[in-house]
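To start, the structure itself, in structure tokens.
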Amino acid sequence: GFVARPRTTADGTQDPYHWDCVVPGKKGTMWERGNYPVHMSFPVDYPHEPPECKFGKAPGGEVLFHPNVYSDGTIYLRKLSPDERLARAWTPETTIKQLLLDIQALLVHPRPPKDAGALRRAHGHRHIRNTACECS
């Protein structure tokens with residue numbers, strides 16, 4: 001099932017700004033056999049600003065290959081945007097549970113950005129993973 005808990009530091013205390021989560025694959029889909037690690041980093045002004053969410057790396061070091069996942073694992077989800085002009089933008093009322101459910105749904109129903117160029121500029125020129133690969 002779903003897991004969401006603060007990361008435990010080397011001295012045994014919990015870090016409320018960094019959480020380790022698990023999103024299970026939705027039953028009846030190609031994702032159902034997986035449990036996908038997600039790392040959440042909360043800004044100081046949370047809940048007024050959204051957390052940054054990244055998929056963890058697979059045992060081989062790969063990042064999940066998905067049209068809504070940057071090469072560094074960052075998840076593109078409109079709800080994670082503080083930009084109120086975007087549909088379904090972040091609100092302080094958004095719960096962690098709802099965010100994890102939205103990430104689970106995103107695996108099954110990708111919603112790549114309409115303007116990938118603007119998105120790259122808005123996120124420091126990070127590259128969006130493409131759904132097709134170029135073979136040499």
Q. From the residues in the stretch 12-30 that are closer than 19 Å to Y70 by Cβ and touching a helix residue (DSSP H, G or I) at 6+ places or on another chain (Cβ under 7 Å), which one is surrounded by the most Cβ atoms within 10 Å (Cβ to Cβ)?
A. V23
(Q) For a quick check of your reading of the model, give me the residue pairs whose first member lies in the stretch 46-72 and is within 15 Å of H18 (Cα to Cα) and of a type in the set (K, R), whose second is in a loop (DSSP other than H, G, I, E, B) and modelled with pLDDT under 90, with beta-carbon atoms closer than 9 Å and at least 6 apart or on different chains. (A) K54/V63
Q. Can you name every residue in the stretch 22-55 that is within 18 Å of A105 (Cα to Cα) and either touching a His at 6+ places or on another chain (Cβ under 6 Å) or aromatic (F, W, Y) (or both)?
A. W31, Y36, K54, F55
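The values are calculated or read from the model by the stated rules, or taken from the named source; none is laboratory data. Bear in mind the structure is a predicted one, so any value in this text is a computation, not a measurement. No Cβ is skipped: glycine too gets one built from the backbone with ideal geometry, and neighbour counts run over all protein chains shown.
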